[in-house]
Amino acid sequence: MKQDTITGRNHGENYCYYYLHTNGDLIHKSKHCDVSDFEESSFVKKWWLIDLDDRVDIYNMLIHASMLGIKKERLKELVNRWNITDDDATHYCKSTKLTFKMDGSAYCVHGDNFTNLEECTIGFGNTLFEAICEFMKLEVMK
């Protein structure tokens, strides 16, 4: 394994880079690419080194890309490609101390400090993943 000089993470067989372009595209780059090509570029909102065998890595990147304005079509494409499931979302909620429940036909996500609708951040979505993304966006904007 080779260690990345910027992040300190070890490159396995399934590591790669993704960056979020200012136009909303989430773009894949080989682990062998030169990070300096995009790390300080004015057209890159954020970049990630991810392990494609680590669902938490993928999940975190997709949530952050959602918060930063990834195109909805691209997000949906990647959620389908990587088969992001409610099991992934449930695991994420448990690991981050988020609470979720159904509210009618929609998922509702909030932090563990929930008291009422007027004072607390709540994310809603047709899927648990969508509700988490909405919650995270709203929480960051506070």
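Annotation: the residues LEU20, LEU78, sorted from fewest to most other C-beta atoms within 10 Å of their own C-beta, follow the order LEU78, LEU20. Taking other C-beta atoms within 10 Å as the exposure proxy, GLU73, GLU130, GLU118 rank GLU118, GLU73, GLU130 from fewest upward. If only the Cβ of Lys and Arg carry +1 and only the Cβ of Asp and Glu carry -1, the dipole of the chain around its Cα centre is close to 140 debye. Among CYS93, CYS120, a tally of other beta-carbon atoms within 10 Å of each Cβ gives an order, fewest to most, of CYS120, CYS93. The convex hull built on the alpha-carbon positions of the chain has an orientation-averaged projected area of 9.5 nm².
Our helix-only sum for the chain, with -39,500 (n - 2.57) per DSSP H run of n ≥ 4 divided by its residues, gives a mean residue ellipticity at 222 nm of -11000 deg cm²/dmol.
All of the numbers you see were taken from the coordinates with simple rules; none came from a lab. Just so you know, these numbers come straight off a predicted model, no measurement behind them. Don't worry about glycine lacking a Cβ; one is built from the backbone with ideal geometry, like all the others, and counts go over all protein chains shown.
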